[in-house]
């Protein structure tokens, strides 16, 4: 065991509350075989998320956040360890897990309501019922009046809300999001954060958000998992004890600033390693 | 404003075409364009009625349209599944893709004697050559359409745990539709050129031989009027293809 790993064992995940975990990531390892030998993307990570909790996973680019997202979503299988949702092992895409992707993922050939009703359509829900339920979730993400529009007629933020409504209509136990607002400007991101908080509180939705944005993570989360840079390990958990219900107004508070500074202190070292690594690789390629 | 947006492009297109005809009319009349080679558009307009009444254009038009339709349906019916097959089986794709691309550039019309031997002097020869000529772009564009589906859309399907058939029906095919239809349009053009060309070569009937007869009689207005009917077949097919595409993918 490396010194780093030994240190990490001294910082176990804090037990915040007594409710049983909806999502359990237990000592998961993901190793990829490459022509240059095996690469460990996720190294012995554990995480428990309780009902209604909002947990963000933050780390520098290339630390394995998206691999963790794909592992939890069942799109990848762990090399070691176990992931379970509501006690059931995740062995592939699971009906209890709804995923929202970083890239724009609405179907351009479907109207907004057809997009949102998609998950219900493939489940075999009748047309009238699925459209009614779709309209409910469209209203929830603040897109009432746009039901018949096509994604090409919407802004990037609106399209991401359509993607979110499509996933919510599936009524997943866990909403798993991979940097859904990464392509948006900061103001839109903050305002959409408000919308996410409102929905999460309204549905008591359990959420895991993968992000590299510290502000976003602090604004939305109950807990933040900070990852190390390659291999991706748990550096530490930070509990965000900001009051709920929350809005983006919290961004101006001293406590918010304190959390951002605290997390940046942890991330800076990892981000520097990442940057140095990328510069070394670029230099090697140049030669 | 909405009515303007709706009708302005069509009006501009039609107006531009009429202006072009007027310009040609003037240039022929003043002798800038040789009137023996390019007839007056007004004379072509008059000849339209004449070729309908005297040259039996309607049955010829229906024959060419029918052969083109048959070739078009075969092109779609064989080309799209073949493209899907190449997409599904990478080995097959790597083994045949270059051959299919080479076929697209080959002057397939030259093998008409072979088809004459197989099918005789009949519409089947014409349809067969039209089909073979139209297949490569449809196969290649179908392959391109499926290969070009954005990976995130496939991951969305996977996240909803779709079966292979659901993934194909609800994501892959609709996503590939615009590219497939671009191939279909090209395939139809190739098929129609070959249909009219082989009609002319084997002198079987349809609009191809009519154009040839009229040009040999040096009836230039009549020749151009007959060509207008070939263009009409093409326009009708393009409108039909566009309708089908809009039905399959309303937001295209």
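Any read-out appearing in this document is the output of simple, stated calculations on the displayed coordinates, not a laboratory observation. Predicted model, so just to flag it, every value in this text is computed and none were measured. Neighbour counts run over all protein chains shown; Cβ positions are idealised from the backbone, glycine included.
List of remarks:
- Antiparallel DSSP beta bridges within the protein assembly as shown, percent to nearest 5: 55
- Residues B:18, A:22, B:33, B:180, sorted so that the one with the fewest Cβ neighbours within 10 Å comes first: B:18, B:33, A:22, B:180
- Principal-axis analysis of the Cα atoms of chain A puts helix A:254-286 at an angle of about 70° to the longest axis.
- Max mean-square fluctuation residue, GNM over chain A, Cα-Cα springs under 10 Å, options A:172, A:151, A:38: A:38
- Zero-based 10 Å bins, Cα pair distances in segment B:44-112, whole percents: 16, 28, 25, 17, 11, 4
- Tail weight of P(r) past 22 Å, computed on alpha-carbon pairs of segment A:65-184, percent: 36
- Only helices enter the 222 nm calculation for the protein assembly as shown: every DSSP H run of n ≥ 4 contributes -39,500 (n - 2.57), and dividing by all residues gives -19500 deg cm²/dmol, rounded to 500.
- When only Cα pairs below 8 angstrom with a gap of at least 6 residues are kept, segment A:106-171 shows a relative contact order of 50 percent.
- Principal-axis tilt of helix B:220-248 within chain B, Cα atoms, nearest 10 degrees: 20
- When the Gaussian network model of chain B links Cα atoms closer than 10 Å, the mean-square fluctuations of B:107, B:39, B:174 top out at B:107.
- Cα-Cα pairs of segment A:106-171 separated by more than 16 Å (percent): 32
- From the alpha carbon centroid of segment B:226-252 to that of segment A:107-123 is 28 Å.
- Distance from the C-alpha centroid of segment A:216-287 to that of segment B:148-179: 34 Å, rounded to the whole angstrom.
- Whole-number percent relative contact order across segment A:69-153, with pairs defined as alpha carbons under 8 Å at least 6 apart: 25
- Descending Cα extents along the principal axes, chain A, whole Å: 59, 48, 47
- For segment A:120-222, pairs of C-alpha atoms spaced more than 21 angstrom apart make up 34 percent of the total.
- Quick note on segment A:138-287: its Rg to Rh ratio, both from C-alpha atoms and Rh being the Kirkwood radius, is 1.02.
- Largest mean-square fluctuation among B:201, B:58, B:14, in a Gaussian network model of chain B whose springs join Cα atoms under 10 Å apart, belongs to B:14.
- Whole-angstrom gap from segment B:72-133 to segment A:17-60, using each part's C-alpha centre: 52
- Diffusion constant of segment B:58-248 at 10 °C, which comes from Stokes-Einstein with the Kirkwood Cα-pair radius and 1.306 mPa s, µm²/s: 89
- Across chain A, Cα pairs under 8 Å and at least six residues apart give a relative contact order of 24 percent.
- A Cα-only calculation for the protein assembly as shown places Rg and Dmax at 31.7, 99 Å.
- Cα-based helix-to-principal-axis angle, B:90-105 vs chain B, degrees rounded to 10: 10
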